[in-house]
1. When you go through C:Thr100, C:Thr122 one by one, which is the residue that is under 30 Å from D:Leu6 (Cβ atoms) and not basic (Lys, Arg)?
2. Among the listed residues A:Gly30, A:Gly63, which satisfies the condition of being over 16 Å from B:Asp129 (Cα atoms) and more than 13 Å from every other protein chain (Cβ to nearest Cβ)?
3. With the checklist (1) touching a Lys or Arg at 6+ places or on another chain (Cβ under 6 Å); (2) crowded, with 21+ Cβ neighbours inside 10 Å; (3) among the charged types (D, E, K, R) in hand, flag the one item A:Lys97 doesn't pass.
4. Residues B:Tyr74, B:Tyr85: which one is under 29 Å from D:Asn81 (Cα atoms), crowded, with 24+ Cβ neighbours inside 10 Å and in contact (Cβ under 8 Å) with a residue 40 or more places away in the chain?
5. Looking only at the stretch A:97-117, decide whether some residue is under 14 Å from the mean Cα position of the chain (by Cα) and farther than 20 Å from B:Pro127 by Cβ.
6. Could you tell me how many of the residues in the stretch B:79-120 are among the small types (Gly, Ala, Ser) and closer than 16 Å to B:Thr69 by Cα?
7. Go through (1) within 14 Å of chain B (Cβ to nearest Cβ); (2) over 21 Å from C:Gly105 (Cβ atoms); (3) at pLDDT 95 or above for D:Met1 and report which single condition fails.
There are 6 protein chains.
Amino acid sequence: MSVVPLVTDAEAEANPAIKAVFDDIRETRGSDFVNNIWRALAADPAGLKRTWESVKSLMATPGALDPKTREMIYIAVSVANNCEYCVHSHTAAAQAKGMTPEEHGELLQIIALAASTNHLATALQVPTDPEFQAE
Amino acid sequence: MSVVPLVTDAEAEANPAIKAVFDDIRETRGSDFVNNIWRALAADPAGLKRTWESVKSLMATPGALDPKTREMIYIAVSVANNCEYCVHSHTAAAQAKGMTPEEHGELLQIIALAASTNHLATALQVPTDPEFQAE
Amino acid sequence: MSVVPLVTDAEAEANPAIKAVFDDIRETRGSDFVNNIWRALAADPAGLKRTWESVKSLMATPGALDPKTREMIYIAVSVANNCEYCVHSHTAAAQAKGMTPEEHGELLQIIALAASTNHLATALQVPTDPEFQAE
Amino acid sequence: MSVVPLVTDAEAEANPAIKAVFDDIRETRGSDFVNNIWRALAADPAGLKRTWESVKSLMATPGALDPKTREMIYIAVSVANNCEYCVHSHTAAAQAKGMTPEEHGELLQIIALAASTNHLATALQVPTDPEFQAE
Amino acid sequence: MSVVPLVTDAEAEANPAIKAVFDDIRETRGSDFVNNIWRALAADPAGLKRTWESVKSLMATPGALDPKTREMIYIAVSVANNCEYCVHSHTAAAQAKGMTPEEHGELLQIIALAASTNHLATALQVPTDPEFQAE
Amino acid sequence: MSVVPLVTDAEAEANPAIKAVFDDIRETRGSDFVNNIWRALAADPAGLKRTWESVKSLMATPGALDPKTREMIYIAVSVANNCEYCVHSHTAAAQAKGMTPEEHGELLQIIALAASTNHLATALQVPTDPEFQAE
């Protein structure tokens, strides 16, 4: 259950600020599907706009990293931050952008390995080697 | 400061279990440098061996993902888990494996974006869309 | 599903240690509603008492911060710690103490912003400016 | 030590994209002080601009919450996310915006209380009461 | 709902790599029950094998700590990392290995106390006393 | 560096509320050493008292778990919550209460294992088996 009611398409049609974002999501993605995070964020139209613009400018714009790699990084952060919704939505997005089952399996093993050495380094309070320092 | 003393090369020479791992680290990486996490883990030679074997089998063995991508995923998890040592060591490793400043900058922006939407989805308790479900 | 059975009102009536806390919750809040966290904590009456006394002394006693601000801080921590139950219960509490939809929206945007710069500062290992030090 | 070199004022003068942000930070804050997070972010001028604009639009623009409350919420998230730099910088900012020692002390006690009940609710997997649901 | 389909016994029978692990789980535990984490991990048979071998070698092999204490430590980490599945499975495991309700109650209070002082020490950025240093 | 000045013994002598807690710490522990967390918390004498009483009643009072096990649980939570100060202070405390190097090594391996399976279960969104439910 959501903390706020999810905005329906009918409600979005009646609110120009929400409608503008929903329209842009649909056009940018070339799909009629507007997933629940946007319908929940729409409780605060300014926050909806700000969040969508951040996502669009980083995830839907060409840059240094390819779309599949970006989604795998997104999954990694979402797992470590333990966001159930984000794990589901970005795993689906990575698959849509070409992530294979082999890549998914390896991604998860690297996430698990990193988590284990993260905890070990913290438990041991290992001092950073001077070799790793920015010169 | 470390929770346990860091094992020196002289001490490693005197302990076959530790020496075997340090030798394998050096051979696998083609470098004489053994960084501090291994010197701290060496307080528990069985744990040292277990940890090194996990790292070696996932990070130093060909698989579905290329070495640079693996390191960027490692950075993403380490940042979200807030491991200072790991951020330093894996940023250095990613750079050694070809991560450019542009890729590093974009990686950090995606990590930050993911963190922000992770927190939003949690704050709103957004229900997962059925479209994201495994069939 | 809960890890322990939730204590019902009938069971609480039969256990003086639990009954005393449930009675105090009802009296302090001026409401007959005892929410699930207390029914789960009641599996350990000593822990129930300790936890309620902490909550009561900080959240139900006048101090330096007003009740609404306290609840918004509670939400912020609960989101970052990813506690589903706490996000729901403290969002409801903040609303009951006057948090408006505009304040809720802004609270969430600040939480998301903080999460993003938290991750950036960690990813960059930014050294603390001496200007921020306690003199 | 930082993962990237900190950009000095001289280097910022030579790079128009960085200079524009540093100038805006100084003008917005009415202070010549540009703290280290911006000098580290400047390694990626696009990320610097994006981050500053987010911070400026939320933290330096009037809205539903007052500046002091915003900073206390920022502290709460930064503590739970364990960002050393952010704890220092936003505690200093909250103090500059009027947070008293009494408010600081109470803020910390609420953060600690929330952390403890967050962990209890997670350990017990308490189901959310229907009373907390959005209607 | 799971991100990947859960592998059934029939499917495991048809895949020797998966079958070998499921058989070993059953034999090691002396029980026919294979819980869901293994059925989800089986989407990546290599990851399944790696994960099971780690769990088996640490949790099902005599060592310095007794089985009940190991499970209580596992619970503590799982609560702090907020893993719903792990809280449930390891609480059940700890109970099967003899954890009493009194021990469970005390475990939870210590977890909650640690969480609160963790947040306080972070919020205050307390410098480590030299007395705690490894000599 | 600390967010607040650390209270010295001379300052504590001059403040009865602080002095009472410092005296009780010394008497309870049978040692003249008052470590830095208490000196930082003393910036808020009411918070100092509340925190010390919680720690004392759980960690310095006989109960269901022995002192060494309690400290190992404290370490596990502190590592997962990434509290540098707490890792140092509670590792020292566990050693003072009899934790051997073998137990410390095994503790760390279990923490690392738990972290890895925590992340896997989250990444896979494994549904809890009905067998683990409280009846």
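1. Values: C:Thr100 fails: under 30 Å from D:Leu6 (Cβ atoms).
After applying the criteria, what remains is C:Thr122.
2. Values: A:Gly63 fails: more than 13 Å from every other protein chain (Cβ to nearest Cβ).
So the residue among A:Gly30, A:Gly63 that is over 16 Å from B:Asp129 (Cα atoms) and more than 13 Å from every other protein chain (Cβ to nearest Cβ) is A:Gly30.
3. Here A:Lys97 meets the rest and fails (2).
4. Working: B:Tyr74 fails: in contact (Cβ under 8 Å) with a residue 40 or more places away in the chain.
Going through B:Tyr74, B:Tyr85 in turn, the sole match is B:Tyr85.
5. Here is the first cut: in the stretch A:97-117, the ones under 14 Å from the mean Cα position of the chain (by Cα) are A:97.
Checking which are farther than 20 Å from B:Pro127 by Cβ leaves us with A:97.
Yes - at least one qualifying residue is present in the stretch A:97-117.
6. Initially, the stretch B:79-120 is screened for residues among the small types (Gly, Ala, Ser), giving B:80, B:89, B:92-94, B:96, B:98, B:105, B:112, B:114-116.
Okay, now just the ones that are also closer than 16 Å to B:Thr69 by Cα, so B:89, B:92-94, B:96, B:98, B:105.
Selection size over the stretch B:79-120: 7.
7. Unmet for D:Met1, out of (1) within 14 Å of chain B (Cβ to nearest Cβ); (2) over 21 Å from C:Gly105 (Cβ atoms); (3) at pLDDT 95 or above: (3).
Residue by residue, here is whether (1) over 27 Å from E:Lys49 (Cβ atoms); (2) facing another protein chain (nearest Cβ under 7 Å) holds:
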site	(1), (2)
B:Trp38	no, no
B:Ser78	no, yes
B:Glu84	yes, yes
B:His104	yes, no
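The values are calculated or read from the model by the stated rules, or taken from the named source; none is laboratory data. Here the structure is a predicted model, which is why all the values come from computation and not from measurement. Heads up, the Cβs are rebuilt from the backbone with ideal geometry, glycines too, and the neighbour counts pull from every protein chain shown.
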